[in-house]
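Q: Handing you a structure now.
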Amino acid sequence: MTQRIYYTEPARRSFDAVVTAIVQHDGAPAVVLDRTAFYPTSGGQPFDTGRLGSTEVLNTIDEGERVLHVVRTPLIAGETVHGEIDWTRRFDHMQQHTGQHVLSAAFDRVLDNRTMSFHMGGESSTIDLAKEVSTADVERCVDEANRVVWEDRPVTIRFASPDEAARLPLRKEPVREGPLRLIEISDFDLSACGGTHVARTGEIGLIAVTATEKFRGGTRLTFVCGGRALRALRGYRDAVAGSVRSLSVLPHELPAAVEKIQAEGKQARKAIARLQSELAVHEAARLISVSPIVGGVHRAAHVADGWDAAGLKAIASSMTAQPGVAAALVGITSPIALVVARSSDVSLDANAVLQQLLKRFGGRGGGKPELAQGAGLVGDPQEIAAAARELLS
Ligand SMILES: [Zn+2]
């Protein structure tokens, strides 16, 4: 059984221990020690990394009775090794985890809204609250949590039997059997927890909620504490600074400025669409004027330069709105688009013509006898137009 130093001494960064066993974990060497300060993943808090003797600890795993240290290179059973925790990583976890206790307790005390689960990620952490919560209430609880942080209250560890624990006002009910480890934030919170925490709330620095969303009938809060809060602030600052520079507005004017740009973009797209359809009418007239008349029908097979599929369709529709037109328009953008259409008084199956061209030049498409569209043709647009001209005759 591994003695867990971090239970009683969460601030210990280094220790000496004896290697009691060498095992394999998913094909990697792992070490069991008689005692350890390395924290294994559990209760929402990720594992510690660091150094153990001559090697690196890559992962720490809780197996109940023992703690596994997955190492880069194996050690020797029976040897005494010196362990060093990666303190930057661990202290970050302690800030986030203790911050979570304070934040959860604030929601519990102010709104009677219980925390159902907690997860610590690489960049931010989440808690899932049992009930939905308004933005104003989130801010009230965040204010209350930070008040407790800035009062720099002691965070202490004590142990209790299940009977003793049953008589205590625990915010979080224990999930383990046997003696319980309780974390107490002076006059604010008492929870059963096996994780590592800072010694005073002031070490949390700051608690900031960065996002809220509805989740399983309650609310999921994303939050950052301490060093992560500073990093998040820097990230927001850089994003805002870049945006205000390119838009030449003040930070608080950004949302309105972005809305204005979006509205202008929508207007511009509408105007372009209108101009394109007007231009299509002129292009249709021009193409008809240069097409040969065979048997009283304008046989208009052309390459239409500079038009997308929607433009081709607009031109073809405009051409065939007049009587006596059979049209095949080939785009030049790759993959090549094609529209075949005819006026209502012309007896031609536009879809049959399209299918023959697709058979020869590839691509897909379909339509009706009066108008059919294809895309993905491969070949020289002039050659496709020439083949279409044959089929229109
Ligand atoms: Zn905890």
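The values are calculated or read from the model by the stated rules, or taken from the named source; none is laboratory data. Treat the numbers as computed from the prediction; the structure is a model and nothing was measured. Neighbour counts run over all protein chains shown; Cβ positions are idealised from the backbone, glycine included. Side chains included, ligands, DNA and RNA excluded: accessible areas come from the protein's heavy atoms. Shrake-Rupley method; radii C 1.70, N 1.55, O 1.52, S 1.80 Å.
Q: Which number in (1) in contact (Cβ under 8 Å) with a residue 24 or more places away in the chain; (2) within 16 Å of the ligand (Cβ to nearest atom) marks the one condition that ASP187 misses?
A: With respect to (1) in contact (Cβ under 8 Å) with a residue 24 or more places away in the chain; (2) within 16 Å of the ligand (Cβ to nearest atom), ASP187 is out only on (2).
Q: Right, another one. Does region 48-71 include one or more residues that are within 16 Å of the ligand (Cβ to nearest atom), touching a Phe, Trp or Tyr at 6+ places or on another chain (Cβ under 9 Å) and open to solvent by 10 Å² or more (accessible area, probe 1.4 Å)?
A: Scanning region 48-71, I find at least one residue that is within 16 Å of the ligand (Cβ to nearest atom), touching a Phe, Trp or Tyr at 6+ places or on another chain (Cβ under 9 Å) and open to solvent by 10 Å² or more (accessible area, probe 1.4 Å), so the answer is yes.
Q: Being hydroxyl-bearing (Ser, Thr, Tyr) and either open to solvent by 30 Å² or more (accessible area, probe 1.4 Å) or free of Cβ contacts under 8 Å to residues at least 40 places away in the same chain (or both), is that true of even one residue in region 21-40? Step through it out loud before you land on a result.
A: If we filter region 21-40 for residues that are hydroxyl-bearing (Ser, Thr, Tyr), which is where we start, we get 36, 39.
Those still in the list that are either open to solvent by 30 Å² or more (accessible area, probe 1.4 Å) or free of Cβ contacts under 8 Å to residues at least 40 places away in the same chain (or both) too: none.
No; the residues of region 21-40 include none that is hydroxyl-bearing (Ser, Thr, Tyr) and either open to solvent by 30 Å² or more (accessible area, probe 1.4 Å) or free of Cβ contacts under 8 Å to residues at least 40 places away in the same chain (or both).
Q: THR2 passes all but one of (1) touching a Phe, Trp or Tyr at 6+ places or on another chain (Cβ under 9 Å); (2) hydroxyl-bearing (Ser, Thr, Tyr); (3) surrounded by 15 or more Cβ atoms within 10 Å (Cβ to Cβ); which number fails?
A: Against the list (1) touching a Phe, Trp or Tyr at 6+ places or on another chain (Cβ under 9 Å); (2) hydroxyl-bearing (Ser, Thr, Tyr); (3) surrounded by 15 or more Cβ atoms within 10 Å (Cβ to Cβ), THR2 comes up short only on (1).
Q: Sticking with this one: State all residues of region 336-363 that are assigned to a loop (DSSP other than H, G, I, E, B) and under 26 Å from ALA285 (Cα atoms); if no residue qualifies, say none. Talk me through it step by step, then tell me what you get.
A: First, the residues of region 336-363 that are assigned to a loop (DSSP other than H, G, I, E, B): 343-349, 362-363.
Passing the criteria: SER343, SER344, ASP345, VAL346, SER347, LEU348, ASP349.
Q: Mind listing just one residue for me: the one in region 190-204 that is surrounded by fewer than 20 Cβ atoms within 10 Å (Cβ to Cβ) and of a type outside the set (A, V, I, L, M, F, W, C) and, of those, farthest from the ligand (Cβ to nearest atom)?
A: So, considering only residues that are surrounded by fewer than 20 Cβ atoms within 10 Å (Cβ to Cβ) and of a type outside the set (A, V, I, L, M, F, W, C), the one farthest from the ligand (Cβ to nearest atom) is GLY202.
Q: Do you know which of the residues in region 330-358 that are open to solvent by 40 Å² or more (accessible area, probe 1.4 Å) and under 43 Å from the mean Cα position of the chain (by Cα) is modelled with the highest pLDDT?
A: Per the criteria, the residue is ILE332.
Q: Kindly check whether there is at least one residue in region 61-70 that is in contact with a Lys or Arg (Cβ under 7 Å, 6 or more places away or on another chain), in a loop (DSSP other than H, G, I, E, B) and under 23 Å from ILE157 (Cα atoms).
A: no
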